[in-house]
Amino acid sequence: MTHIKTIIRIDKTIHKTDKKTGETKEINTISFAISNFKDNAKFFHDLGLKHWKVETMHFHKDKSLCEDLHTANINPMTMTILRSFVINILHLNKVKSIKNQLLENRWDLDTTLSLLLGISF
């Protein structure tokens, strides 16, 4: 156990609103993290925030844009960059629900092809 240098206590308060009743609940959680180096609390706080910013972007890309289901064989990086553009544009426009916004504004393949090619299906 000599490699453990820091134990970090994380107190978190989450405000969750029930969509049906409108009731807001406050949920308090306590968790612990272990580190093999020493630093101050601000460093660990900033490190956690940086990590979750990346995870939040991946969550939106996977859940709203189904990125993990995509099987691009040629240059898959292009698609992930385009997905990032879409999410960033929605964030800049202060969209409350990225998934709902995408679902409300999506086109199916037949409609898209007919508009692009002028062909009815």
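The values are calculated or read from the model by the stated rules, or taken from the named source; none is laboratory data. Keep in mind that this is a model prediction, so the values were computed, not measured. Every residue, glycine among them, receives a Cβ derived from its backbone with ideal geometry; neighbour counts consider all protein chains shown.
Results for (1) under 30 Å from T80 (Cβ atoms); (2) exposed (fewer than 11 other Cβ atoms within 10 Å of the Cβ), shown as yes or no for each residue.
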{"site": "G22", "(1), (2)": "no, yes"}
{"site": "K25", "(1), (2)": "no, yes"}
{"site": "F32", "(1), (2)": "no, yes"}
{"site": "S35", "(1), (2)": "no, no"}
{"site": "A41", "(1), (2)": "no, yes"}
{"site": "L47", "(1), (2)": "yes, no"}
{"site": "D62", "(1), (2)": "yes, no"}
{"site": "L65", "(1), (2)": "yes, no"}
Among the residues of the stretch 1-56, what is the count of those that are among the acidic types (D, E) and in a strand (DSSP E or B)?
2
Going through T6, T24 one at a time, which residue ends up being at pLDDT 80 or above, farther than 30 Å from L102 by Cα, hydroxyl-bearing (S, T, Y) and not assigned by TED's automatic domain parsing to the domain that holds L102?
T6
Show the residue pairs that are 6+ apart or on different chains and have beta-carbon atoms under 7 Å apart, the first residue being within the stretch 10-29 and more than 22 Å from D46 (Cβ to Cβ), the second being of a type in the set (A, V, I, L, M).
K16/I27; I27/I14
So which residues in the stretch 74-95 are charged (D, E, K, R) and either at pLDDT below 80 or surrounded by 11 or more Cβ atoms within 10 Å (Cβ to Cβ) (or both), if there are any at all?
R83
Could you list all residues from the stretch 31-45 that are closer than 15 Å to I10 by Cβ and of a type in the set (F, W, Y)?
F32, F43, F44
Out of curiosity, is I14 modelled with pLDDT under 90 and surrounded by 11 or more Cβ atoms within 10 Å (Cβ to Cβ)?
no
Within the stretch 50-70, identify whether any single residue is under 19 Å from the mean Cα position of the chain (by Cα), among the aromatic types (F, W, Y), modelled with pLDDT under 85 and farther than 22 Å from E104 by Cβ, and answer yes or no.
yes
